[in-house]
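Heads up, the thing below is written out as structure tokens.
The values are calculated or read from the model by the stated rules, or taken from the named source; none is laboratory data. Values in this document were obtained by computation on a predicted structure and should not be read as measured data. FYI the Cβ positions are ideal-geometry reconstructions off the backbone, even for glycines, and counts take in every protein chain you see. For the accessible areas, the whole protein counts, side chains as well, though only heavy atoms, and no ligand, DNA or RNA atoms are used. Shrake-Rupley method; radii C 1.70, N 1.55, O 1.52, S 1.80 Å.
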Amino acid sequence: MVVEKTKLKIVVYAISKNESSFVDRWYESMKEADEIYVLDTGSTDDTVDKLKLHGINVKTEKIVPWRFDVARNKSLEMVPLDTDICVCTDLDEILETGWREKLEKSWNNSNRMRYKYNWALDEYDKPIVTFLYEKIHDRHHYKWVYPVHEVLECSLDNEVVSTNDNIVLNHYPDKNKSRSSYLPLLELSVEENPNNDRNLHYLGREYMYYKEWNKSIETLIKHINLPSSTWKEERSASMRFISRCYLNLDRVEEARLWLQKAIKESPYQREGYVELALLEFNQKNFMKVIKNCIRAKRILKNEMIYINEPFCWDSTIDDLLSISYFNLGMKDEALFYVNKALEYDKTNERLIKNKEIFQNS
């Protein structure tokens, strides 16, 4: 006798605010779920009306003071208790068709599922920043924590996490949306949890975005020195960000030193080598540019982590090599690498012009 497998109840939940232009597209990708729930936090456009037209369960509530974790938890509270799998997404994200079947087949009594997240895609829909995401989870063992860059916290001692990178979520953000709330919320996160290495790293990075160079350096050094700061890739990223800050303070030697530290921390990543090559390029140290670019090219595996930099996997390395070889009078090598760069970026007018210059020199 064959026992029929019980169908899993899968529910999508989200938060929204003024995302009318995304609703239809988002619904089409999420409708494989049994039910969809959205907490709207104060839209002034027709987001709520559009969601309701699709039969989505919508609740409206303003969160004051604003915190992403509070909003996420309130949206999770809307999900029925008999739900087997909760899928948290944002309205500017799209799950590729067939995700439900893949999820059901690979769930296997998991508590959480990791899947592929294309955080950034180019104009041809080619992923340029990809990492594993984990916002699919069971109903009863999770809550959201941290005011911003919120994450799921599990109450289980032995959490079971599965991975299916055939489940793909694509991110198409609204580039006009402000992220002005991020800095004060990150400062609050660190105030609440001063020894949280993850939040210190994010805060230091945010200070860098705001060109608060000295604050960024101070915060990122705190991150590196925390005993809990053990993730080498993130530590290396903090070192690279410190270097960027020193460059902006016109302290080139210190910038170079921190990039050397970053390479030593994670020598299996391209990022440190490429940033050092960029620094040396601006200093016209073309032999050093070539040395670091060649070292970077020997690293063939692009790990799926959020810290990856797109410029390490596009035309940048070959572009740097071509110009450096040309400046050293090595025309054949310059032509070889400009052609390699053009394989990534066929319509780049500057690269095309460079090739003409190399050929006619």
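Let's see how each residue does on (1) open to solvent by 30 Å² or more (accessible area, probe 1.4 Å); (2) modelled with pLDDT under 95; (3) assigned to a loop (DSSP other than H, G, I, E, B):
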{"position": "S228", "(1), (2), (3)": "yes, no, yes"}
{"position": "S238", "(1), (2), (3)": "no, no, no"}
{"position": "S243", "(1), (2), (3)": "no, no, no"}
{"position": "E254", "(1), (2), (3)": "yes, no, no"}
{"position": "W258", "(1), (2), (3)": "yes, no, no"}
{"position": "A262", "(1), (2), (3)": "no, no, no"}
{"position": "V274", "(1), (2), (3)": "no, no, no"}
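Kindly check whether there is at least one residue in region 26-43 that is of a type in the set (D, E, K, R), part of a strand (DSSP E or B), touching a strand residue (DSSP E or B) at 6+ places or on another chain (Cβ under 6 Å) and open to solvent by less than 10 Å² (accessible area, probe 1.4 Å). Quick ask: steps written out before the conclusion?
Step one: list which residues in region 26-43 are of a type in the set (D, E, K, R), which gives 28, 31-32, 34-35, 40.
With the extra rule that they be part of a strand (DSSP E or B), the set shrinks to 35, 40.
Those still in the list that are touching a strand residue (DSSP E or B) at 6+ places or on another chain (Cβ under 6 Å) too: 35, 40.
Now drop any that are not open to solvent by less than 10 Å² (accessible area, probe 1.4 Å), which leaves 40.
Scanning region 26-43, I find at least one residue that is of a type in the set (D, E, K, R), part of a strand (DSSP E or B), touching a strand residue (DSSP E or B) at 6+ places or on another chain (Cβ under 6 Å) and open to solvent by less than 10 Å² (accessible area, probe 1.4 Å), so the answer is yes.
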Applying the selection to region 85-110, what residues are in contact with a Phe, Trp or Tyr (Cβ under 8 Å, 6 or more places away or on another chain) and within 20 Å of E153 (Cβ to Cβ)? I85, C86, V87, C88, T89
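Just name the residue that is nearest to V23 (Cα to Cα) out of those in region 93-119 that are part of a strand (DSSP E or B) and not aliphatic (A, V, I, L, M). Please lay out each step first, then the result.
Pass one, region 93-119, residues part of a strand (DSSP E or B): 93-95, 112-119.
Pick out the ones that are also not aliphatic (A, V, I, L, M) and you get 93, 112, 114-119.
Values: E93: 10, R112: 26, R114: 25, Y115: 23, K116: 22, Y117: 20, N118: 19, W119: 19 Å.
The qualifying residue nearest to V23 (Cα to Cα) is E93.
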S20 passes all but one of (1) on the phi > 0 side of the Ramachandran plot; (2) touching a helix residue (DSSP H, G or I) at 6+ places or on another chain (Cβ under 9 Å); which number fails? (1)
I need a count of the residues in region 304-329 that are outside any loop (DSSP other than H, G, I, E, B), out of contact with any helix residue (DSSP H, G or I) (no Cβ under 7 Å at 6 or more places or on another chain) and small (G, A, S). 0
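Name the residues in region 140-156 that are open to solvent by less than 40 Å² (accessible area, probe 1.4 Å) and assigned to a loop (DSSP other than H, G, I, E, B), would you?
Taking region 140-156 first, the residues open to solvent by less than 40 Å² (accessible area, probe 1.4 Å) are 142, 144-145, 147-150, 152, 154.
If the condition is that a residue be open to solvent by less than 40 Å² (accessible area, probe 1.4 Å) and assigned to a loop (DSSP other than H, G, I, E, B), then P147, V148, H149, E150 are the ones that fit.
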Residue pairs within 6 Å by beta carbon, gap of at least six or interchain, first lying in region 123-149 and at negative phi and touching a residue at least 12 places away in the same chain (Cβ under 8 Å), second of a type in the set (K, R) and in a loop (DSSP other than H, G, I, E, B), listed first then second, are P147/R67
Which one is farthest from the chain's Cα centre (by Cα), of the residues in region 67-126 that are open to solvent by 30 Å² or more (accessible area, probe 1.4 Å) and hydroxyl-bearing (S, T, Y)? T97
For region 283-310, what are the residues that are modelled with pLDDT of 95 or more, among the hydrophobic types (A, V, I, L, M, F, W, C) and within 29 Å of the chain's Cα centre (by Cα)? V289, I290, C293, I294, A296, I299, L300
In region 161-205, the residues that are under 21 Å from N73 (Cα atoms) and part of a loop (DSSP other than H, G, I, E, B): R179, S181, N193, N196
Within the set of pairs 6 or more residues apart or between chains, which connect a residue that is closer than 19 Å to F286 by Cβ inside region 329-346 to a residue that is crowded, with 16+ Cβ neighbours inside 10 Å and among the acidic types (D, E) with Cβ atoms less than 8 Å apart? Y337/D318; Y337/D319; V338/D318; V338/D319; K340/D318; A341/D318; A341/D319
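Name the one entry in K222, K211 that is farther than 19 Å from V70 by Cβ, assigned to a loop (DSSP other than H, G, I, E, B), modelled with pLDDT of 95 or more and open to solvent by 60 Å² or more (accessible area, probe 1.4 Å).
Numbers: K222 fails: assigned to a loop (DSSP other than H, G, I, E, B).
One residue alone meets the criteria, K211.
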Could you grab the pairs with beta carbons closer than 9 Å, sequence gap of 6+ or different chains, first residue in region 348-361 and among the hydrophobic types (A, V, I, L, M, F, W, C), second one part of a loop (DSSP other than H, G, I, E, B)? L351/S315; L351/D345; I352/K346
Here is a list of conditions, (1) open to solvent by less than 20 Å² (accessible area, probe 1.4 Å); (2) free of Cβ contacts under 8 Å to residues at least 40 places away in the same chain; (3) more than 25 Å from E253 (Cβ to Cβ); (4) of a type outside the set (A, V, I, L, M), and N199 meets all of them except one; can you say which number that is? (2)
Out of all the residues in region 334-361, which are open to solvent by 70 Å² or more (accessible area, probe 1.4 Å), among the acidic types (D, E) and either within 35 Å of the chain's Cα centre (by Cα) or within 21 Å of A296 (Cα to Cα) (or both)? E343, E349
Go through region 9-25 and count every residue that is of a type in the set (G, A, S), outside any strand (DSSP E or B) and open to solvent by less than 60 Å² (accessible area, probe 1.4 Å). 1
